[in-house]
C-alpha cells in the first residue's frame, strides 16, 4: 500500500510541476517575443508615454498590446503579476525532489560505488548546492560582470559544468542530472523573486506616487530585463533535464556530466537563433552549428559494439569450443538482480508496478527486451539502480554473452 500511495503522490506532484512549468515557460517565451517584436507607435501614442506597440490576432479576435516607457498616468484597478507560475514550479519541483529522490527510491540518488550517503547527507549536499550556486549567481548578477553578456554567459556555463561534474562524483547519474536541473531552476526562480518582481514593485510604486523613477529604479528595471533574458537561455536546458530520466543513455553515460554540459550549450545556443529572429535578424548558421554539434555528440556518445570474446584456446594454444551460457544461469541472474523490481507484482517496496512496464521474470521476456537490457545493464551498467543488488562485472559479461547467443 505504501508503494501504491507513493506512486500516486509522485504522479500528482509531477503533473502539477509540469503544468506550472508550462505556464511559466509559456509566459517567459511570450514576453521575450513581445519585447523583441514591439514597433514604434504612432505619435498620439508616444504622447501618452507608450514606447512600442504590437497588433496580433489569435483565437478569433484582434489584440492590441502597448508597452510604456515608464508607466501609465494612472494605475489600472487590476494589474496582473507573472510570478506565481515561477514560484509554483519551484515548490512543486522541490516537493518532487524530496518525494522521489530523497525519501523515495534510494537507487535513483545513491550509488554506493561513488559515495555511501544517508538520507540526511543527500539532502545536505543537494540543498547546500542549490543555495550555494544561487548565492554565487546573485553575487555575479550584481557585479560589473553582468554588463558583459557574453563573458557572464561563459562564467555561468563554467560554473554549471563544475556543478554537473561535482554531482556526478556524489550521486547516481539520474540523481546527478536532476540536481543540476534543480540548480538551474533555482537560479531562474531567484531571478524572478530577487530581481524581476522587486523591480516591478519599485516601478509600480513610482507610478502610484506620481513621481519619475529615479536612477535606482531604472537600474533595477534594466537588471530585471537581463535576468529575464538569462532565464530565456536557461529554459531549453532545464526542459531537457526534466525529460532526461526516461533516457538512461544520457545520465548513465560514463561521461554523463560532460554530455549534460554539451546539451546545455547546444540548446542555449539554438535558443539564440530564435531570440535574434524575433528581432528580424536571421542567422541560419546558428541552427546549422547546433545541428552539427548534436550530430557530433551522437557520434561521441555511441556505445562501442560489444567485442566478441577472444577464441578460447587450450594450454597448447589450440582453439576449443566455447561453452554456451546455460539458461539456468541467466534465470538465476534474473532472480537475483532483476525480478525484485521487474516483475508483474514487484517485491521491492519501491515499486508498485514494474519500471517502464518491463517485466523480466523469464527468459522469453528477457529476449523481448534484449536491446534495452543490453543498453542498461551491459553497456551503460546503469541497472540495477545504484547496483543495490551487487551485480559483478562477470555477471554482466555473462548476461551480455547470453544476449548475443540468443538474439
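The values are calculated or read from the model by the stated rules, or taken from the named source; none is laboratory data. Model, not experiment: these values are computed from the prediction. Ideal geometry is used to build each Cβ from the backbone, glycine not excepted, and the neighbour counts take in all protein chains shown.
Worth pointing out:
- Single residue of 270, 261, 265 found to be buried (at least 19 other Cβ atoms within 10 Å of the Cβ) and modelled with pLDDT of 90 or more: 261
- Flag: residue 25 does not match the condition of being assigned by TED's automatic domain parsing to the domain that holds residue 276, assigned to a helix (DSSP H, G or I) and more than 18 Å from residue 182 (Cα to Cα).
- Checked against (1) part of a loop (DSSP other than H, G, I, E, B); (2) surrounded by 18 or more Cβ atoms within 10 Å (Cβ to Cβ); (3) at positive phi, residue 381 passes all but condition (2).
- Filtered residue count, region 347-393, keeping only those that are touching a residue at least 60 places away in the same chain (Cβ under 8 Å), out of contact with any helix residue (DSSP H, G or I) (no Cβ under 7 Å at 6 or more places or on another chain) and over 18 Å from residue 172 (Cβ atoms): 1
- If the condition is being within 20 Å of residue 405 (Cα to Cα) and surrounded by fewer than 18 Cβ atoms within 10 Å (Cβ to Cβ), then region 336-364 contributes 361, 362, 363, 364.
- Test: residue in region 139-148 that is surrounded by fewer than 14 Cβ atoms within 10 Å (Cβ to Cβ), in contact with a helix residue (DSSP H, G or I) (Cβ under 9 Å, 6 or more places away or on another chain), outside the structural domain of residue 341 (by TED's automatic domain parsing) and under 30 Å from residue 248 (Cβ atoms): no
- A residue that is in contact (Cβ under 8 Å) with a residue 24 or more places away in the chain, part of a helix (DSSP H, G or I) and under 15 Å from the mean Cα position of the chain (by Cα) occurs somewhere in region 267-278.
- Tally of residues being in contact with a helix residue (DSSP H, G or I) (Cβ under 9 Å, 6 or more places away or on another chain) and either in a helix (DSSP H, G or I) or assigned by TED's automatic domain parsing to the domain that holds residue 280 (or both) across region 41-58: 0
- Test for residue 136: is it assigned to a helix (DSSP H, G or I), touching a helix residue (DSSP H, G or I) at 6+ places or on another chain (Cβ under 6 Å) and outside the structural domain of residue 348 (by TED's automatic domain parsing): no
- As for region 388-397, it holds at least one residue that is farther than 24 Å from residue 251 by Cβ, assigned to a helix (DSSP H, G or I) and not assigned by TED's automatic domain parsing to the domain that holds residue 112.
- Number of positions in region 288-315 that are part of a loop (DSSP other than H, G, I, E, B) and either closer than 29 Å to residue 264 by Cα or at pLDDT 60 or above (or both): 4
- Test: residue in region 109-116 that is touching a helix residue (DSSP H, G or I) at 6+ places or on another chain (Cβ under 8 Å), assigned by TED's automatic domain parsing to the domain that holds residue 245, farther than 17 Å from residue 182 by Cβ and crowded, with 17+ Cβ neighbours inside 10 Å: yes
- Test: residue in region 208-218 that is outside the structural domain of residue 378 (by TED's automatic domain parsing), touching a helix residue (DSSP H, G or I) at 6+ places or on another chain (Cβ under 6 Å) and crowded, with 18+ Cβ neighbours inside 10 Å: yes
- Matching residues in region 97-108 - criterion: being crowded, with 20+ Cβ neighbours inside 10 Å and either farther than 17 Å from residue 383 by Cα or modelled with pLDDT of 85 or more (or both): 97, 100, 101
- Failed criterion for residue 129 (all others in (1) part of a loop (DSSP other than H, G, I, E, B); (2) more than 30 Å from residue 392 (Cβ to Cβ); (3) touching a helix residue (DSSP H, G or I) at 6+ places or on another chain (Cβ under 8 Å) hold): (1)
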